[in-house]
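Take a look at the structure set out below.
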Amino acid sequence: MYKKIILASKSPRRSELMRMAGFEFEVRSKDVPEDHPADTRAEDIPLFLAKKKASALLPDIKDDEVIIGADTIVILNGKIYEKPTDREDAIKMISELCGHTHTVVTGVYIVSKSKKVGFSEATKVTFNSLSLEEIAYYVDNYKPYDKAGAYACQEWIGAVAIRKFEGDYFNVVGLPINRVYQELKGF
């Protein structure tokens, strides 16, 4: 791969996954409103936002650069769980996810001056039930305020509450890195 990679995300988890896959990259992002048309299907929102984030940088890139934009949401029974606004919201989100299977969808948009690829990856995650005390312990100690669904599967809650994954584990962490790796071969 000869292109210089720009990761349009401040997520430390996405950066970690990119490093794990052996990529050299630069983090560069613009503040973009994370809104979408009201009639957008829940499953389509992450790709819409990933495209928005990557496209904001497109006018500034050189011919030898490629941008990766990504966005992740959690969906349970049609309800969208993005990042919690505060402690109470985080506790409420996790409480609603406990004892159920939800879907984590990450949209990825990879673009250069000459090519673009967009895709979404969905992973089903089944949570055990947790007590309110256990949920509060997690929120107070891990402060998951920058995470869709108010949790990170690679932290304490993943070890004790996640019973099953159906699909790409790394997608739940924040980036379906295997698919990203394969798609970047085309750039």
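Projecting label points 7 angstrom from Cα along Cα→Cβ for N77 and Y145 puts them 2.9 nm apart. A cut-off under 15 angstrom between Cβ atoms defines the neighbours of K79, and their net charge, with Lys, Arg +1 and Asp, Glu -1, is -1.
Only the Cβ atoms of Lys and Arg (+1) and of Asp and Glu (-1) were treated as charged; on that basis the dipole of segment 34-87 about its Cα centre amounts to roughly 240 debye. Answer rounded, prolate or oblate for segment 112-152, using the Cα gyration tensor with square roots of eigenvalues a ≥ b ≥ c: rounded when a/c is under 1.5, else prolate when a/b is larger than b/c, else oblate. It is oblate, given that a/c is not under 1.5 and a/b is not larger than b/c. In the context of the full set of protein chains, segment 10-167 has a per residue accessible area of 50 Å² (1.4 Å probe). All other residues whose Cβ lies under 11 angstrom from that of D146 are scored, Lys and Arg at +1 and Asp and Glu at -1, for a net of +4.
Using a/c under 1.5 as the rounded threshold, could you call segment 1-87 rounded, prolate or oblate? The axes a ≥ b ≥ c are square roots of the C-alpha gyration tensor eigenvalues, and prolate needs a/b larger than b/c, oblate otherwise. Judged from the Cα gyration tensor, segment 1-87 comes out prolate (a/c at least 1.5, a/b above b/c). Helices in the chain that qualify as membrane-span-like (whole DSSP H runs, Cα extent of at least 20 Å along the helix axis, mean Kyte-Doolittle hydropathy of 1.6 or higher) do not occur. Mind checking segment 1-94 for trypsin sites (Lys or Arg not before Pro) that DSSP puts in a loop (not H, G, I, E or B) and that have at most 13 other Cβ atoms within 10 Å? Here the trypsin sites (Lys or Arg not before Pro) that fit, given the DSSP loop and packing criteria, are K10, K30, R41, K62. Hey, which of these cross-link pairs are over 18 Å Cα-Cα: K62/K116; K115/K147; K79/K164; K30/K143; K4/K83? Pairs exceeding 18 Å: K115/K147; K79/K164; K30/K143; K4/K83.
Calculated [222 nm] ellipticity per residue, helices only, for the chain: -9500 deg cm²/dmol; basis is -39500 (n - 2.57) per DSSP H run with n ≥ 4, divided by all residues, nearest 500. Among the GluC sites (Glu not before Pro) in segment 9-68, those located in a DSSP loop and surrounded by at most 11 other Cβ atoms within 10 Å of their own Cβ are E24.
On full extension, the segment bounded by D35 and D86 gains 16.4 nm, given 0.36 nm per residue less the C-alpha separation.
The values are calculated or read from the model by the stated rules, or taken from the named source; none is laboratory data. This is a predicted model, so every value here is computed, not measured. A quick note on method: Cβ atoms are made from the backbone with ideal geometry, for glycine too, and the neighbour counts reach across all protein chains shown. We work out accessible area using only protein heavy atoms, side chains counted, and drop any ligands, DNA or RNA first. Shrake-Rupley method; radii C 1.70, N 1.55, O 1.52, S 1.80 Å.
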